[in-house]
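Trainee: Below are the structure tokens for one structure; questions will follow.
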Amino acid sequence: MGWRLQITHTTRVSYDGDARASYNEVRMAPLTLPGQTVLGNRLTIEPHVPVWSYWDYWGSEVSSFDLQAAHHSLVLVARSTVETSEPPPLPDSPSWSELAACVESLRLEEYLAQTPRTELSPELAGQVRALVRGAEPHEAAMLVSGWVRDRVAYVPGVTGVHTGAQEAWEDGRGVCQDFAHLTVAMLRELGLPARYVSGYLHPDPSAAPGDTLEGQSHAWVEYWAGDWVAHDPTNGVPVGECHVTVARGRDYADVPPLKGIYHGAPSSTMDVRVQVTRLS
């Protein structure tokens with residue numbers, strides 16, 4: 001049985017002086033998918049400004065807006081209500097040779113190409129291939145996810161949005177986006193198409209309906225082996241009732257919740273708060 005979740009994602013940008021103009025893109029609207037249904041979604045912006053929405057190349061909903069009047073701060077509140085489902089059964093896995101043929105016929109090559117955030121050293125790539133030798137695709141994906149969890153400690157604040165997979169591996173510490181980048185990178189080295197997913201995670205799988213908790217933006221992966229399979233390498237679990245998918249792409253650069261440029265103030269600070277309520 002699935003969950004109904006209400007998410008309130010508040011972002012406050014404070015400028016050190018006047019921002020005289022800014023252009024912004026927002027990716028905070030959950031997607032309606034086979035295992036996830038969006039019941040409502042609303043974005044409010046202060047100062048008030050017209051918003052245009054479109055779907056980007058990777059299938060994520062983007063809200064864009066620009067501010068031409070001087071402003072000291074920018075506040076965005078994204079509210080959504082989503083019904084989520086239990087993880088579906090794993091699809092029948094193709095053999096590695098069948099998988100290679102599917103990549104070509106389904107045009108999945110872009111999810112095999114490494115990016116600056118997912119590049120691995122030749123030594124680490126070789127270790128990944130040795131780790132999964134003889135495993136079928138689903139088993140290989142779980143071996144990779146488990147290896148990342150065993151070797152990298154979850155330590156908030158030790159990395160940033162520009163940290164690459166290899167750097168996080170060598171440091172042995174990271175956050176969810178590092179776990180996702182590393183897992184995506186290793187799966188691609190094996191020939192498994194993989195994409196980076198951003199969204200929200202309810203922090204308590206045993207929460208009762210009506211409880212409002214401090215939630216979090218989260219990142220996980222999807223790999224293709226007969227169909228797209230979603231897996232959370234940070235927590236070592238399939239993606240299910242506690243997860244809400246917002247955007248998907250090659251790496252974090254394709255899915256940032258807020259991206260923008262501005263003219264004026266020399267610097268800015270950002271404060272983010274996510275609240276998640278299990279409604280039923």
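Trainee: Under 37 °C and 0.692 mPa s, how fast does the chain diffuse according to Stokes-Einstein, given a Kirkwood radius computed over C-alpha pairs? Answer in µm²/s, whole number.
Mentor: Here the translational diffusion coefficient equals 166 µm²/s.
Trainee: Please list, by residue number, every one of the chymotrypsin sites (Phe, Trp or Tyr not before Pro) in segment 50-124 that is coil in DSSP and has at most 13 other beta-carbon atoms within 10 Å. Show your work: numbers first, answer last.
Mentor: Working: sites: W52, Y54, W55, Y57, W58, F65, W96, Y111; in loops: Y57, W58.
The qualifying sites are Y57.
Trainee: Find the accessible area per residue for segment 1-124; the probe is 1.4 Å, ligands and nucleic acids are left out, and the unit is Å².
Mentor: Per residue, segment 1-124 has 56 Å² of solvent-accessible surface.
Trainee: Using label points projected 7 Å from each Cα along Cα→Cβ, tell me how many nm separate S105 and S64, to one decimal.
Mentor: Distance between label points: 3.6 nm.
Trainee: Solvent-accessible area of E61, probe 1.4 Å, all protein chains present, reported in Å² to the nearest ten, please.
Mentor: Accessible area, nearest 10 Å²: 50 Å².
Trainee: Based on alpha-carbon centroids, what's the gap between segment 205-226 and segment 46-82 in Å, whole number please?
Mentor: Rounded to whole Å, the Cα centres lie 23 Å apart.
Trainee: Can you grab the distance from the C-alpha centre of segment 134-185 to the C-alpha centre of segment 1-42, Å, no decimals?
Mentor: A separation of 26 Å, based on Cα centres.
Trainee: What distance in nm lies between label points placed 7 Å from Cα along the C-beta direction at W96 and W55?
Mentor: It is 3.5 nm.
Trainee: Kindly sort T212, T10 by accessible area of their heavy atoms, largest first, with the probe set to 1.4 Å.
Mentor: Listed by decreasing accessible area, they come as T212, T10.
Trainee: For segment 220-269, what is the accessible area per residue in Å² when the probe is 1.4 Å?
Mentor: Solvent-accessible surface per residue comes out at 36 Å².
Trainee: So, one more: Between R129 and H48, with labels modelled 7 Å along Cα→Cβ, what's the label distance in nm to one decimal, could you check?
Mentor: 6.0
Trainee: Per residue Cα convex hull volume for segment 145-280, in cubic angstrom?
Mentor: So the per-residue Cα hull volume is 133 Å³.
Trainee: Another question, if that's okay. On a 0 to 90° scale, report how tilted helix 122-131 is relative to the longest principal axis of the chain, with both axes built from alpha carbons and the result rounded to the nearest 10.
Mentor: 60
The values are calculated or read from the model by the stated rules, or taken from the named source; none is laboratory data. This one's a predicted model, so the numbers in the text were calculated from it and none came from an experiment. Because the Cβ atoms are built from the backbone with ideal geometry, glycine has one as well, and the counts that use them run over all protein chains shown. All accessible areas refer to the heavy atoms of the entire protein, side chains included, with ligands and DNA or RNA removed. Shrake-Rupley method; radii C 1.70, N 1.55, O 1.52, S 1.80 Å.
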